[in-house]
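Just so it is clear, none of the values below were taken in a lab; they were calculated from the coordinates. Predicted, not measured: the structure shown is a model, and the values here were computed from it. Here Cβ is always computed from backbone atoms with ideal geometry, including for glycine, and neighbour counts include all displayed protein chains.
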There are 2 protein chains.
Amino acid sequence: MTLTLEAVRAMDAADPLRSVRERFTLPEGLVYLDGNSLGALPRAAAARQDEVVREEWGNSLIRSWNTHDWIGAPQRIGAKIAPLIGAKPHEVIVADSVSVNLFKLLTAVAALAPERPVLLSEPGNFHTDLHVASGVADMLPNLRLETVDRAEIAGALGPDTNTLFLTHVHYKTGARFDMAAMTARAKAAGVPTIWDLSHSVGAVPLHLNRDGAELAIGCGYKYLNGGPGAPAFLYVAEHLQERLVPYLRGWMGHAQPFAFLDDYAPAPGMARFLAGTPPMLSMLALESGVESFDGLAMDAVWEKSVALFNLFARLVEERCGGHGLECITPATAELRGSHISYRHPHAFELCQALIAAEVIGDFRAPDVVRFGLTPLYLGFEDIWQAVDRFRAILESESWRDPRFAVRGRVT
Amino acid sequence: MTLTLEAVRAMDAADPLRSVRERFTLPEGLVYLDGNSLGALPRAAAARQDEVVREEWGNSLIRSWNTHDWIGAPQRIGAKIAPLIGAKPHEVIVADSVSVNLFKLLTAVAALAPERPVLLSEPGNFHTDLHVASGVADMLPNLRLETVDRAEIAGALGPDTNTLFLTHVHYKTGARFDMAAMTARAKAAGVPTIWDLSHSVGAVPLHLNRDGAELAIGCGYKYLNGGPGAPAFLYVAEHLQERLVPYLRGWMGHAQPFAFLDDYAPAPGMARFLAGTPPMLSMLALESGVESFDGLAMDAVWEKSVALFNLFARLVEERCGGHGLECITPATAELRGSHISYRHPHAFELCQALIAAEVIGDFRAPDVVRFGLTPLYLGFEDIWQAVDRFRAILESESWRDPRFAVRGRVT
């Protein structure tokens, strides 16, 4: 029996997370399936930004570093991210971007085993991660970047491997690594693993401590709802923190930043991974984003993600068949993240036509259209609406309108 | 004849920049002499931030990368900074922090002459710059960091020198290098110079092209009024841009960021110095900060800085004598920046007492109190008020109150 709109509405009525949507502002009529590119605006972030700008910057001015504890923000927000990823509060800190943080970790970790020359990853990893590693490999003698298909990673790990770096949930396909198993495999070969959690954090349950993960980075502006270009975070397991000395340094990571000493001395713990002064407006918006998870269990969030995914996949199957869409995201929940992707020869045009119909997804080159399923602010009827409009576009072939072929969209 | 308040008020009445203060919000009664740590809030920045948060993030969401040209912000804001530093619009880009940008330049420039081992600077340079260089030197074989007193820099430049990096205006003393002369000296020894403009830009007239400067970085949150922790900028002279390949990379600096290619290829021009996704809320606040200079000639800004300095120095001399204050900032305008610093054995307590009296300056360890003279929003009467309260504190010795000795202030 095919699903009806009424049945979908009943799912909304029974959704224990339904009221969480009220924490966000979303434009009327828009179905926003791109929260994995840029999370929606938390109402609290808008109010908080007023306060940060007018009161903290405008009135308290420089004093806010103390009186409003700007100085403590990287640690404070890190500690709020920690429960979302299964880490201890002092194992997480917020700083810079994912790219810069990966660079910090790769260079610091590489120095632990200088006789091992290979930075290992997979082809098609999110390209910024590969570019960062290429820079590290080009800069440091005796290091090189190698990529092997994910099925061959375990076999490729060996005495030559310096560091393994992987993105936990793939940005395009949504495929998820088994973090515990892969980390253990690498560890058995004497190889530390850096996990990029950008497409996991805030959607997929993460248990970094439990799963033996030692190093991770992640994005603040996707499922964490931290605002455009929000600062990123780093995680280093407690036992490794004092063994890593960053090469990308700055005064905020000094043991005594306000002693103005010429000589470098790393701050204890995660603070050493800070570099320059953090962008405070973006930083404090991220704090509101992270707080949009207050009181929510990540298991419940994930359960809803699974339900949204299943609904989306089923509706596409039932209502959009025969139009050449190929789902490339694993059907098994444990093997994927919180988005669903389809391959189609005209994915670009489809994506543009959807946007024109107020369904925001993402085109990912060369032929993928991707839909982010954000449990905090998507309802089941949103999914129905999205697929309904998708079907209309496919059936009418309205995507063939030449205006939808104009390239220029950049994210 | 000693100056009177009336004479000072007459200076305000005759000040051609007086109305510029209206571009900023400042708390009533506060004398803010710390715009060289954190610039005041431009009214336009507050209004713009509302729009950025509620409309661009909240309503346009991911589409804003195109529709509100978030993607073009690093170049666009860079081009607005360019006239303030005497550079061409395409020679400046906004990204990351000063520390991260210095790291990018040092590592890229070092590779131009791998046979030259010395990164050269002066002791007491702003410590983050020294920490960054120490990281580069510790990371790369055959490189080391050396510092020599500024009088000895010219003599130290030689075939061993890889790169000279200096802060144009010293954060503590306010002493300014002769950029043209020092750059030429270094160039004659085959050495590129990286200038840190953090304490110059937006206050001191800069002519990077005219003065032969090839490389620079600078801060967005001081005289540029970009907000706490605002992103920083990089400048690379046109002829050098294609010769430098950054090692700290990220997708925003790729030749085709949205092609999602595994292989790195640097973007043409300054865009290659971008790394990860920029913190857009902080970025767009910086744009308003830079726009607070619209229509102003940097020569007029500097002329007012000189007048503010002369007034401050004269009033302290006339009214605060006999209390052990020693001015450590050069009296000659061409040899200094836009702040004035005094050494005093109880500088910390004095600074705290001043803050309690609503005069915000900065303590700089171990014994300096520093006052930023920001031409855009300080009036001459502000200077009078500041010195008047300073005198009261010195004469009454109210700074001896034990609460002013409590350490904890962090910036």
Seminar exercise, completed: With segment A:96-190 reduced to its Cα atoms and the Debye formula applied, log10 I(q)/I(0) at q = 0.13, 0.17, 0.24, 0.26 1/Å amounts to -0.40, -0.71, -1.43, -1.59
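Please report, to one decimal in angstroms, the Kirkwood hydrodynamic radius of the protein assembly as shown built from all distinct Cα-Cα pairs. Mind dumping the intermediate values first?
Details: mean 1/r = 0.0362 Å⁻¹.
This gives a value of 27.6 Å.
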For this session: Convert each backbone phi in segment A:323-332 into a coupling constant with the Karplus relation 6.51 cos²θ - 1.76 cosθ + 1.60 (shift: θ = phi - 60°), then list the ³J(HN,Hα) values in order as whole Hz, x for Gly and Pro.
Result: 10, x, 7, 10, 6, 10, 9, x, 6, 6
Problem set entry | Calculated from backbone phi, Karplus (6.51, -1.76, 1.60) coupling profile of segment A:360-377 in Hz, x at Gly/Pro | 9, x, 10, 8, 10, 4, x, 8, 10, 10, 10, 10, x, 10, 9, x, 6, 10
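Tally Lys and Arg at +1 and Asp and Glu at -1 over the other residues with C-beta under 13 Å from the C-beta of B:His339: what net charge comes out?
Net local charge, B:His339 excluded: +4.
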Exercise. Under a no-solvent Debye model with one identical scatterer per Cα of segment A:5-113, what's log10 I(q)/I(0) at q = 0.14 Å⁻¹?
Worked result: -0.91
For this session: Give me the angle, in degrees from 0 to 90, between the Cα long axis of helix B:380-396 and the longest principal axis of the Cα atoms of chain B, rounded to the nearest 10.
Result: 60 degrees
For this session: Can you give me the P(r) profile for segment A:185-300? Cα pairs, bins 5 angstrom wide beginning at 0, each as a whole percent.
Result: 2, 10, 16, 19, 19, 17, 10, 5, 1, 0
For this session: Could you state the angle between the C-alpha long axis of helix A:73-85 and the longest principal axis of the C-alpha atoms of chain A, as a value from 0 to 90 degrees rounded to the nearest 10?
Result: 50 degrees
Seminar exercise, completed: Hull surface over four for the Cα convex hull of chain A, reported in nm², is 21.2 nm²
Exercise. Quick one: longest stretch of chain B between exposed loop GluC sites (Glu not before Pro), exposed meaning at most 16 other C-beta atoms within 10 Å and loop per DSSP?
Worked result: B:116-241
For this session: Go through segment B:291-340 and name the chymotrypsin sites (Phe, Trp or Tyr not before Pro) that are in a DSSP coil and have 10 or fewer other Cβ atoms within 10 Å of their Cβ.
Result: none
For this session: Multiply the residue gap between A:Asp69 and A:Ala189 by 0.36 nm, knock off their C-alpha separation, and tell me the result in nm, one decimal place.
Result: 38.9 nm
For this session: Please give every one of the lysines within straight-line cross-link reach of B:Lys222, meaning a C-alpha to C-alpha distance under 25 Å, and leave out same-chain neighbours fewer than 8 residues apart.
Result: B:Lys80, B:Lys88, B:Lys104, B:Lys172, B:Lys304
Problem set entry | Share, in percent, of DSSP beta bridges within the protein assembly as shown that are antiparallel, nearest 5 | 60 percent
Seminar exercise, completed: Computed curve, segment A:47-291, Cα-only Debye sum without solvent term, log₁₀ I(q)/I(0) at 0.08, 0.13 Å⁻¹, is -0.30, -0.77
Problem set entry | Inter-copy spacing of B:Ala331 label points, which lie 7 Å from Cα along Cα→Cβ, given in nm from shortest upward | 8.7
Seminar exercise, completed: Counting only residues 5 or more apart in sequence or on a different chain, those whose built amide H sits under 5 Å from that of A:Thr25 are A:Leu41, A:Arg43
Seminar exercise, completed: Mean projected area (nm²) from the convex hull of Cα positions in segment B:267-339 is 8.7 nm²
Problem set entry | Helix-only mean residue ellipticity at 222 nm for chain B, each DSSP H run of n ≥ 4 adding -39500 (n - 2.57), per residue, nearest 500 | -10000 deg cm²/dmol
Seminar exercise, completed: Between A:Val306 and A:Asn142, Cβ-based FRET efficiency (R0 56 Å, step 0.05) works out to 0.80
